[in-house]
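**Q** Below you'll find the structure I mean.
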Amino acid sequence: MNLDLMEAIKEIEKEKGIDPEVIYQAITESLLAYYKKNAGKNSNPNNIDVNLNRETGALTIIEKKLVVEEIEDEKNEISLEEAKKISHLYQIGDFAEMDVTPKDYGRVVAQSVKNSVIQKVREAERDIIYDEYISKEGDIVNGIVQRIDAKTAYVDLGKVEAILLPSEQMDGERLEVHQRIKAYVLEVRKTTKGPQVLLSRSHPGLLKRLFELEVPEIHDGIVEIKSIAREAGSRSKIAVFSNDENVDPVGACVGPKGSRVQVIVDELKGEKIDIVNWSEDIAEFIRNSLSPSKVYEVTVYEEDKKASVIVPDYQLSLAIGKEGQNARLAAKLTTWKIDIKSESQQNEMIEDFDIDDFEEEESYDEENS
């Protein structure tokens, strides 16, 4: 061990951000294991310690033995006469410390420590990267698509290559190599090969974080995102609420001339986004959730968590949406079951009920006449 190696350790700390103690520990553990393995027949490996001076790099291997008047166990005991040669202060019953550092310890360091130190450095690097990305779970990261294999995209995040599985990609989006993307950190796993970062472009959390980045009122807590319903790549609904009566939550999210929401739409490759007002009044919230359609009447059934919605005839298809998408997203947004009918359908039901009711009464009168 020498000052050159100590400088190298400091350089590793500077470049890789690794605590020097990690390397010192690797060196001492490796040397201790080496010496124990090669200890002489009169040495007990359990009595050996390695001391490393963090300032000078001086290395000392110490063996401890009990000072006795007459030796019975050569591996664990030393005579008083021999102990006095080490230090005249030793008395019977003391543990004498002997310097058993090999003369060729420099070669031992080079041969035995190298692989151990390299392994410790790699493990420390992995831990640093893991700690960095585990703190980003539920957040957005920027990356570059490095390669695509069987529809799975591998994204370079700088320090680690993340994985974007087909199931976490947006419908209709075609990723390309070298394309820059924003993605949601879904999960970070610790593996023997280093941290594995799983990304998502379809998770509702991506939409939430994009709005938090683009809308200062959300970042500052003035406007809250209460719920999100998303069919990634196609359409989303987001319910917002303002804690300041002077701030319009929908307007804040849309931005001047739609500038804020347009940035998000562009990032999501044209995904349509409906921004609606959240309300504690579930009937009003359901009415808002079916935007952009107009709603005539909402009747809620608390016990079943269901709502019956009546819309104008010409708004029925808009309220339901293509393949039921608008109604489906509204149900996800509010977490209520929503039954949508047009005014005509509702009137027909009422008429049918009235006729049946009238016929039943007429039949009853005839039977009793």
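The values are calculated or read from the model by the stated rules, or taken from the named source; none is laboratory data. Remember, predicted model here, so these are calculated numbers, not experimental data. Here the Cβ positions follow ideal geometry from the backbone for every residue, glycine too, while neighbour counts run over all protein chains shown.
**Q** Does the stretch 7-28 contain any residue that is in contact with a Phe, Trp or Tyr (Cβ under 6 Å, 6 or more places away or on another chain) and at pLDDT 75 or above? I'd like the intermediate steps shown before the answer.
**A** Our first condition is that a residue be in contact with a Phe, Trp or Tyr (Cβ under 6 Å, 6 or more places away or on another chain); within the stretch 7-28, this holds for none.
Checking the stretch 7-28: not a single residue is in contact with a Phe, Trp or Tyr (Cβ under 6 Å, 6 or more places away or on another chain) and at pLDDT 75 or above.
Matching residues to (1) surrounded by 15 or more Cβ atoms within 10 Å (Cβ to Cβ); (2) within 25 Å of residue 270 (Cβ to Cβ); (3) not small (Gly, Ala, Ser):
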| site | (1), (2), (3) |
| --- | --- |
| 185 | yes, yes, yes |
| 189 | no, no, yes |
| 193 | no, no, yes |
| 199 | yes, yes, yes |
| 202 | yes, yes, no |
| 216 | no, yes, yes |
| 222 | yes, no, yes |
| 227 | yes, yes, no |
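**Q** Give the number of residues within the stretch 208-237 that are of a type outside the set (Ser, Thr, Tyr) and within 20 Å of residue 321 (Cα to Cα). So that I can check it myself, show each step before the final result.
**A** Residues of the stretch 208-237 of a type outside the set (Ser, Thr, Tyr): 208-226, 228-233, 235, 237.
Next, from what is left, pick out any that are within 20 Å of residue 321 (Cα to Cα): 228-233, 235, 237.
Looking only at that region, the number is 8.
**Q** Might you check whether a residue that is within 30 Å of residue 13 (Cβ to Cβ) and either surrounded by 15 or more Cβ atoms within 10 Å (Cβ to Cβ) or modelled with pLDDT of 95 or more (or both) occurs anywhere in the stretch 173-180? Steps first, please.
**A** Within the stretch 173-180, the first condition is being within 30 Å of residue 13 (Cβ to Cβ), and the residues that meet it are none.
Checked the stretch 173-180: no residue is within 30 Å of residue 13 (Cβ to Cβ) and either surrounded by 15 or more Cβ atoms within 10 Å (Cβ to Cβ) or modelled with pLDDT of 95 or more (or both).
**Q** So, in the stretch 42-69, exactly how many residues are free of Cβ contacts under 8 Å to residues at least 24 places away in the same chain and touching an Asp or Glu at 6+ places or on another chain (Cβ under 9 Å)?
**A** 2
**Q** Filter the stretch 283-313 for residues that are in a helix (DSSP H, G or I) and at pLDDT 95 or above and give the result. Steps first, please.
**A** Initially, the stretch 283-313 is screened for residues in a helix (DSSP H, G or I), giving 283-289, 313.
Listed by number, the residues that qualify are 283, 284, 285, 286, 287, 288, 289.
**Q** Looking at 190, 136, 208 in this structure, which one is in contact (Cβ under 8 Å) with a residue 60 or more places away in the chain, at negative phi and not polar (S, T, N, Q)? Reasoning before the result, please.
**A** Values: 136 fails: in contact (Cβ under 8 Å) with a residue 60 or more places away in the chain; 208 fails: in contact (Cβ under 8 Å) with a residue 60 or more places away in the chain.
Answer to the check: 190.
**Q** Taking the residues in the stretch 123-147 that are more than 22 Å from residue 190 (Cβ to Cβ) and surrounded by fewer than 16 Cβ atoms within 10 Å (Cβ to Cβ) as candidates, determine which candidate is farthest from the chain's Cα centre (by Cα).
**A** We begin by selecting, within the stretch 123-147, every residue more than 22 Å from residue 190 (Cβ to Cβ); these are 142, 144-145, 147.
Pick out the ones that are also surrounded by fewer than 16 Cβ atoms within 10 Å (Cβ to Cβ) and you get 142, 144, 147.
Values: 142: 14, 144: 19, 147: 22 Å.
Step by step, filter the stretch 123-147, then rank; the result is 147.
**Q** Right, another one. Suppose we keep only residues that are farther than 25 Å from residue 200 by Cα, buried (at least 16 other Cβ atoms within 10 Å of the Cβ) and not polar (S, T, N, Q) within the stretch 256-282. Which one would you say is farthest from the chain's Cα centre (by Cα)?
**A** Restricting attention to the stretch 256-282, the residues satisfying the condition of being farther than 25 Å from residue 200 by Cα are 256-258, 277-282.
In the following step, the residues that additionally are buried (at least 16 other Cβ atoms within 10 Å of the Cβ) were identified as 277-279, 282.
Subsequent filtering for residues that are not polar (S, T, N, Q) retains 278, 282.
Values: 278: 28, 282: 33 Å.
Taking the candidates together, the pick is 282.
**Q** Show me the strands (runs of 3 or more DSSP E) entirely contained within the stretch 185-266 in which 3 or more residues are touching a Pro at 6+ places or on another chain (Cβ under 9 Å) and outside the structural domain of residue 161 (by TED's automatic domain parsing). I'd like the intermediate steps shown before the answer.
**A** Numbers: elements: 194-200, 223-231, 235-242.
Correct list: 223-231, 235-242.
**Q** Looking at the structure I just gave you, is residue 90 of a type outside the set (A, V, I, L, M), surrounded by 13 or more Cβ atoms within 10 Å (Cβ to Cβ) and under 53 Å from the mean Cα position of the chain (by Cα)?
**A** Values: of a type outside the set (A, V, I, L, M): yes; surrounded by 13 or more Cβ atoms within 10 Å (Cβ to Cβ): yes; under 53 Å from the mean Cα position of the chain (by Cα): no.
Considered against the rule, which asks whether it is of a type outside the set (A, V, I, L, M), surrounded by 13 or more Cβ atoms within 10 Å (Cβ to Cβ) and under 53 Å from the mean Cα position of the chain (by Cα), residue 90 comes out as no.
**Q** Counting only residues that are under 11 Å from residue 126 (Cα atoms) and hydroxyl-bearing (Ser, Thr, Tyr), how many does the stretch 182-204 have? Quick ask: steps written out before the conclusion?
**A** From the stretch 182-204, those under 11 Å from residue 126 (Cα atoms) are 190-196; that's our starting set.
Among the residues that remain, those that are also hydroxyl-bearing (Ser, Thr, Tyr) are: 191-192.
Number of matching residues: 2.
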